[in-house]
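Enquirer: What follows is a single structure, and I will ask about it in a moment.
The values are calculated or read from the model by the stated rules, or taken from the named source; none is laboratory data. Only a predicted model underlies this, so the values are computations on that prediction, with no experimental measurement involved. Cβ coordinates were reconstructed from backbone atoms using ideal geometry, including for glycine residues, and neighbour counts include every protein chain displayed. Calculation scope for accessible area: heavy atoms of the full protein, side chains included, ligands and nucleic acids excluded. Shrake-Rupley method; radii C 1.70, N 1.55, O 1.52, S 1.80 Å.
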Amino acid sequence: MAISGQCLCGALHYEVANPPAMTGVCHCKNCQRQAGSAFSTLAGVATADLAFTKGEPKLYLDGDTDSGSTVQRFFCGNCGSPIYSAIDSMPDMVFLKTGTLDDTSDFKPSFHAWCDSKQPWVALEEGVPTMAKGG
Ligand SMILES: [Zn+2]
Ligand SMILES: [Zn+2]
């Protein structure tokens, strides 16, 4: 069964051919800013598995990151929903923002990254690995 998702306004629809290889939460300041929230929830899928069935996302090149590497942040140019991000050093994987998935019932983070900038009120589930910085 294909995994599917869309942005808030529906201008973008996507499908993912295979289940995610990894899932995680990113607490970096830039994810907080882009999401307008406390963190981003991410699912790493193969780049070749992601296909847009409607619309094309816009790209923001985020060069001012804690990791020092430029993050490609793809989003809807109409409603602004963040859809996925990618980094040059991992060309075979993209990181879906899982809040845009049609069905989020399977999502469970397997790690938390950039916990140094985690917002103080966010409580982490016991037993889920945390990293002070990026992976
Ligand atoms: Zn949209
Ligand atoms: Zn982040």
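Enquirer: Using the Cβ atoms and a cut-off under 11 Å, what net charge is assigned to the surroundings of I83, where Lys and Arg are +1 and Asp and Glu are -1?
Expert: +2
Enquirer: From the phi angles alone, apply the Karplus equation (6.51, -1.76, 1.60; θ = phi - 60°) to the stretch 96-108 and give each ³J(HN,Hα) in whole Hz, x where the residue is Gly or Pro.
Expert: 6, 7, 6, x, 8, 5, 5, 10, 9, 5, 8, 6, 8
Enquirer: How would Y60, Y14, Y84 rank on accessible area, largest to smallest, probe 1.4 Å?
Expert: Largest accessible area first, the list is Y60, Y84, Y14.
Enquirer: Given N residues in the chain, what is Rg(Cα) / (2.2 N^0.38 Å)?
Expert: Dividing the Cα radius of gyration by 2.2 N^0.38 Å gives 1.00.
Enquirer: What number comes out for the charge environment of A43, summing +1 per Lys or Arg and -1 per Asp or Glu over other residues with Cβ under 15 Å away?
Expert: -4
Enquirer: Find out how many positive minus negative residues lie around V71, taking Lys and Arg as positive, Asp and Glu as negative, among other residues whose Cβ is under 15 Å from that of V71.
Expert: Here the charged neighbours net out to +2.
Enquirer: List nothing, just return the count: lysine pairs in the chain, 8 or more apart or interchain, with Cα separation under 14 Å.
Expert: Close lysine pairs found across the chain: 4.
Enquirer: Just how large is the dipole of the chain about the Cα centre, in debye to the nearest 20, putting +1 at every Lys and Arg Cβ and -1 at every Asp and Glu Cβ?
Expert: 320
Enquirer: Now a separate question. For the chain, what relative contact order do you get, as a whole percent, if you take Cα pairs closer than 8 Å and at least 6 residues apart?
Expert: Computed over the chain, the figure is 28 percent.
Enquirer: Kindly sort W121, W114 by accessible area of their heavy atoms, largest first, with the probe set to 1.4 Å.
Expert: The ordering from most to least exposed comes out as W121, W114.
Enquirer: Please turn the phi angles of the stretch 75-80 into ³J(HN,Hα) values with the Karplus equation 6.51 cos²θ - 1.76 cosθ + 1.60 (θ = phi - 60°), one per residue in order, whole Hz, x for glycine and proline.
Expert: Running phi through 6.51 cos²θ - 1.76 cosθ + 1.60 with θ = phi - 60° gives 8, 7, x, 9, 9, x Hz.
Enquirer: Can I ask one more? 222 nm [θ] for the chain, helices only, -39500 (n - 2.57) per DSSP H run of 4+, per residue, to 500?
Expert: The helix contribution divided over the chain gives -1500 deg cm²/dmol.
Enquirer: Which order do you get for E15, E126 if you rank them by accessible area with a 1.4 Å probe, largest at the top?
Expert: Descending order: E126, E15.
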